[in-house]
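Report on one structure; see the data block that follows.
The values are calculated or read from the model by the stated rules, or taken from the named source; none is laboratory data. None of the values given here were measured: they were computed from a predicted structure. Positions of Cβ are backbone-derived with ideal geometry, glycine not excepted, and every protein chain shown enters the neighbour counts. Just so you know, the surface numbers come from the protein's heavy atoms only, side chains and all, with ligands and any DNA or RNA stripped out. Shrake-Rupley method; radii C 1.70, N 1.55, O 1.52, S 1.80 Å.
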Amino acid sequence: MQDTLSQTFAALADPTRRAMLARLTRGEASVSELAKPFLKDMSLPAVTKHLKVLEKASLITKTREAQWRPCKLNETAFKDVEEWMEPYRQYWEESFDRLDEYLKTVTANKKKNQRKKK
């Protein structure tokens, strides 16, 4: 699983690939549709390489329907990342909850001390 996660995070490290994934959250798209926003800054072969990285990391699936090659998100890959990240999310939520409680105490004590001075 760790090797898969390494590929996934390496694929997510690039802003072009993240933008392609963001586009796919709106639904299936062809290679040419995914390439269009990037063609003024890079060649079609470069865009295709980005798609291959996403496909190798299993973040997208690409099928073939005659001349059309639709791409879509592979939800399973994102679930693997979510499972890996869950303990960290829980840790930070609990830490922020403790911080929130501490700040409430500090604020309450500060207000109490200000009232005493008046």
Positions within segment 67-118 being in contact (Cβ under 8 Å) with a residue 24 or more places away in the chain and either open to solvent by 90 Å² or more (accessible area, probe 1.4 Å) or over 25 Å from Gly27 (Cβ atoms) (or both), in sequence order: Trp68, Lys72, Trp84
Filter result (in contact (Cβ under 8 Å) with a residue 40 or more places away in the chain and open to solvent by 40 Å² or more (accessible area, probe 1.4 Å)) within segment 26-63: Glu28, Val53, Lys56, Ser58
In segment 1-25, anything in contact with a strand residue (DSSP E or B) (Cβ under 9 Å, 6 or more places away or on another chain) and open to solvent by less than 40 Å² (accessible area, probe 1.4 Å) is listed as Met20, Leu21, Leu24
Note on segment 22-42: residues part of a loop (DSSP other than H, G, I, E, B) and of a type in the set (S, T, N, Q) are Thr25
Scanning for something among the acidic types (Asp, Glu), assigned to a helix (DSSP H, G or I) and over 21 Å from the mean Cα position of the chain (by Cα), does segment 99-117 turn up at least one residue? yes
Report yes if Ala19 is touching a residue at least 24 places away in the same chain (Cβ under 8 Å) and in a helix (DSSP H, G or I), otherwise no. no
